[in-house]
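*Asks:* Can you keep this structure in mind? I'll have questions shortly.
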Amino acid sequence: MLEAEVALARAWYQSRDDQAQDEEVPEYLREQRPEVPDTEQPCYSTINSREAADSQPELPWDDSPREFPFTSTCLLLGLLHDDGLNETRPGDIQLQPLDTVFRGTSLEYGMAVLDISNLDQVKYGIIAFPIRYMAEVYYRGEEFGWDPVEDDPPTEEPVAVAMEVRPRALLSILQNLKTFYYTVNLQNESHVLELEQKPLADGRVLEYLWPGKSTAGDDDLKQRVRSLGTADKPHNAQIDRAIDNLLILTQSNLSLDAWTISKFQKLAEFQSQLRRRLEETPDSLGPSEAAGHILRIAYSGHNSLHWVLFKNISYEAVAAAIMSDELRGAVVLSLCVDDLKGEFSVLRSAISRIPSLKHLCLLRDPDRENDDASDHLCRRLFELSRQDLLFRDKTVYLSSNFSTPLNRVQWLPSEDCLPLQVLPTIHVLARREGKVGDGESVQHTCHYLGDGLFGAERFAVGFLTYLQSIGSNREMLQFACGPPTLSTYESSPSAKRLAVSPIPAAACAIPKTDGEHIIMGAGSWVVIMDVGRYSHRTKRNVSPDAAIIRYAFLKANQTVRASGAFEPDTAATEAIEVVGGLGAFMREEVPGVDDTLVERLLGDAEDAVARRFQARPASNARSIDEMDETSARALFNRMLQNLDKSPPKTDV
């Protein structure tokens, strides 16, 4: 999916540059690019007052559609990764358009550049400058200077001043840290050394990201930035004209006779030039059957078919191309579906007959105003998948599924359209006990995870990391990123190859529920949780401040609505079945699962919870334990009644 968005971004930026050269576009509009405004600096703090210094307020959230939502999701999950050391708050992050400009004059912000134009060699670079605080202070003489520990602090608030010299150069992580922490030895930090080994991005990208005075003309500058990572290819104007003439045929419903097909086949001698010409003029490829012949020739032998550039083709042409012998080995297919012609079911049927094709990426145009148009395609895709269970063998990405949670709304049309045999719908209901000042508090939370499109095993991986993050403001994000299987998770919980799913909307906002706080369809799952921290003064005989998490998996036998319809202890008993713990859930959803593997991973999660809270229960109690059936039913009933009285709360 990331490769598909990179291909779409290249085409999009090229199109924007071409439009900017239009003489009818006023000059002032060509130069307009968003900027991040500077923020007021916190009050100056000395070493003695540092603990009392106020943190910066959280940033407002931009609800506009993201141009490249999968890329934005990856960045968000990376910045909020819960490794026990990361103190970044969700409110510290504000998504901005990718053409945001950096001016180098901000007191608050520097810049980190990630170059993902070649995903096999991701590059980076950092730009950040120290600031100086200027104030009148008393000091004992030129030889001593002012000592922030021994001497009195300034009587007036110092003025923050940016460094006059701000080099336009990308730094590595060690070069950057030494600028700010020159007295600290960071040479042996493993995470620093790992990043230090990564290559630096080409400094020429700054000509676009941080515009400055340049002797080159604007056209030359854009061309040099655009050419980064590309090589010049020879052009043959005569061949280009011949290709253009054949592309005209794809615009009409031309019947393909033997003579026309033979003309197309001759293009195989010029495959690389045909592919280059198609990518230079993607709108010239039309929706007819002939387009399928063009695509199969141009991309013969390619495993990754990133056809997001071709927005005028039809589903039928794509289906004909991928069914050809030339493309039978393709593994990935990506399309921009805004204006594709024809019937999606034709493509859907073709994909189901190609065992090698494992990934389908359906993207939207970056200039879209909203994600509403994706609802129909999403529903259609799920409807067509009920018969042959497409999602069991293929990974399907819809960019709108990643976009709308970032807008803090749910994208799923309705949970009853999901193929539950492959994508179980899951709700998490949690009761939490904690201390507020000298008193005790109880909080009830409701999270809907169906819009994350998790398979059972991916959910289990997310659930294990969620257990270890309970209580943080990033706990729900743990479901969106992790190793794809339980065995991979056991061998390396922080594996470098991760599966990324849509962030559940419950992690970003309170879901819309048409006046009912929680709705569970028949066949959906509920994880009921009781989370608390207990001291030796309680009846449970546990060590001080130890965390105990009790949970159970329930399955709804009928539709459940928290709208006051249930009477205590009776209606919920008829509506749900208490299945058991994580192992029981996996046995029902993934027959043949390794039970001992699940138990080992739960044991590892218990150890992680004890380390995090720095306390372990006594020998007769567990940090993570299954809830018995009576307790689970009682808590489920009580949760529904509490959720009906007040809107559900979320942690983000």
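The values are calculated or read from the model by the stated rules, or taken from the named source; none is laboratory data. What you are looking at is a predicted structure, and each value in this text was computed from that prediction instead of being measured. Every residue, glycine as well, gets a Cβ built from its backbone with ideal geometry; the counts of neighbours run over all protein chains shown.
*Asks:* When the residues of segment 76-118 are narrowed to those that are among the charged types (D, E, K, R) and surrounded by 15 or more Cβ atoms within 10 Å (Cβ to Cβ), which ends up modelled with the highest pLDDT?
*Replies:* Step one: of segment 76-118, the residues among the charged types (D, E, K, R) are 82-83, 87, 89, 92, 99, 103, 108, 115.
Remaining after also requiring surrounded by 15 or more Cβ atoms within 10 Å (Cβ to Cβ): 82, 89, 115.
On the way: D82: 68, R89: 77, D115: 90.
This residue is D115.
*Asks:* So D151 passes all but one of these: (1) exposed (fewer than 15 other Cβ atoms within 10 Å of the Cβ); (2) at pLDDT below 85. Which condition number does it fail?
*Replies:* Among (1) exposed (fewer than 15 other Cβ atoms within 10 Å of the Cβ); (2) at pLDDT below 85, D151 violates only (1).
*Asks:* Restricting to segment 151-167, give me the number of residues that are under 11 Å from A135 (Cβ atoms) and part of a loop (DSSP other than H, G, I, E, B).
*Replies:* Here the count works out to 6.
*Asks:* So which of G564, G583 ends up being closer than 21 Å to S524 by Cβ, modelled with pLDDT of 90 or more and not hydrophobic (A, V, I, L, M, F, W, C)? Even if it seems obvious, please write down each step before you answer.
*Replies:* Numbers: G564 fails: modelled with pLDDT of 90 or more.
Going through G564, G583 in turn, the sole match is G583.
*Asks:* Quick one: which of L377, L347 is crowded, with 22+ Cβ neighbours inside 10 Å, of a type outside the set (K, R) and part of a helix (DSSP H, G or I)? Don't jump to the end; show me each part of the working.
*Replies:* Details: L377 fails: crowded, with 22+ Cβ neighbours inside 10 Å.
Only one candidate passes the filter, namely L347.
*Asks:* Please determine, by comparing only the residues of segment 83-113 that are hydrophobic (A, V, I, L, M, F, W, C) and in contact (Cβ under 8 Å) with a residue 60 or more places away in the chain, which one is farthest from R166 (Cα to Cα).
*Replies:* Start the filter on segment 83-113 by keeping residues that are hydrophobic (A, V, I, L, M, F, W, C), which leaves 85, 93, 95, 98, 101-102, 107, 111-113.
Right, trim to in contact (Cβ under 8 Å) with a residue 60 or more places away in the chain and you get 95, 98, 101-102, 107, 111, 113.
Values: L95: 25, L98: 23, V101: 16, F102: 13, L107: 12, M111: 12, V113: 16 Å.
Among those residues, the one meeting the criterion is L95.
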